[in-house]
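Asks: This is the structure I have questions about; it appears just below.
The values are calculated or read from the model by the stated rules, or taken from the named source; none is laboratory data. On a predicted model such as this, the values are computed, not experimentally measured, just so you know. Cβ atoms come from the backbone with ideal geometry, glycine included; neighbour counts cover every protein chain shown. The accessibility values were calculated without ligands, DNA or RNA, using every heavy atom of the protein model including side chains. Shrake-Rupley method; radii C 1.70, N 1.55, O 1.52, S 1.80 Å.
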Amino acid sequence: MRARHAARDVRRDREFEAFVAGAGGRLLHAATLLTAEAPDDNPRARSLLTQALAHTYAGWDRLRGEDPYDLARQYLATRFAHTAWHRYGVGLGRARPHPTGALAPLTPQERLILVLRLYEGVAEEQVAALLGLPAERVRTVCDRATATVLHPPRARTAAVVGAEAAAS
């Protein structure tokens, strides 16, 4: 009996290692986009990925034909949303860190929806179900986030601020 359990554990470990070798890079990139950290300095993204992979490994035997990538991505998204809620929660007045990544101008919700929709290619309805939002809200947030990334708001120059002050 022990030999059979040991063989199953070895097989599970090899399958999981193959999964991580194949999907780990893409999941890390998604986590880096979510946290808006620089690709070469991303401790929060690495922590998020570690949690998602640990969760996936814990449920590996219960997958029963499900895609482990979907499970890891779903956990990555929900863990990020949970962390963002507690870190930046509504009305808590907590200071946001100043991320340096390409999606830094976006809010955590905008980053999450944009990464799931455009980088991961998850359907709008699936993102809405995952986040507990109406599909129309997901569409609106995705459109707004895309516009912000493509056309970032311009910083107001000192000359413009001075001219506005003189006019008033």
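Asks: Scan region 12-50 for residues that are within 19 Å of TYR69 (Cβ to Cβ) and either within 11 Å of the chain's Cα centre (by Cα) or open to solvent by 40 Å² or more (accessible area, probe 1.4 Å) (or both) and report the count. Outline the logic, then answer.
Replies: Let us first name the residues in region 12-50 that are within 19 Å of TYR69 (Cβ to Cβ), namely 12-34, 45-46, 48-50.
If we keep only those that are either within 11 Å of the chain's Cα centre (by Cα) or open to solvent by 40 Å² or more (accessible area, probe 1.4 Å) (or both) as well, we get 12-15, 17-18, 20-22, 25-34, 45-46, 48-50.
Residues in region 12-50 being within 19 Å of TYR69 (Cβ to Cβ) and either within 11 Å of the chain's Cα centre (by Cα) or open to solvent by 40 Å² or more (accessible area, probe 1.4 Å) (or both): 24 in total.
Asks: Among the residues of region 136-149, is any modelled with pLDDT of 80 or more and either more than 25 Å from TRP85 (Cβ to Cβ) or assigned to a loop (DSSP other than H, G, I, E, B) (or both)? Spell out the reasoning first.
Replies: Quick first cut of region 136-149, residues modelled with pLDDT of 80 or more only: 136-149.
Still in the list and also either more than 25 Å from TRP85 (Cβ to Cβ) or assigned to a loop (DSSP other than H, G, I, E, B) (or both): none.
Checking region 136-149: not a single residue is modelled with pLDDT of 80 or more and either more than 25 Å from TRP85 (Cβ to Cβ) or assigned to a loop (DSSP other than H, G, I, E, B) (or both).
Asks: For THR140, state whether it is touching a residue at least 40 places away in the same chain (Cβ under 8 Å), surrounded by fewer than 19 Cβ atoms within 10 Å (Cβ to Cβ), out of contact with any helix residue (DSSP H, G or I) (no Cβ under 9 Å at 6 or more places or on another chain) and polar (S, T, N, Q).
Replies: Taking the combined requirement at face value, the residue does not satisfy it.
Asks: Which residues, taken from region 53-77, are touching a Lys or Arg at 6+ places or on another chain (Cβ under 7 Å) and open to solvent by less than 40 Å² (accessible area, probe 1.4 Å)?
Replies: Matches in region 53-77: TRP60 only.
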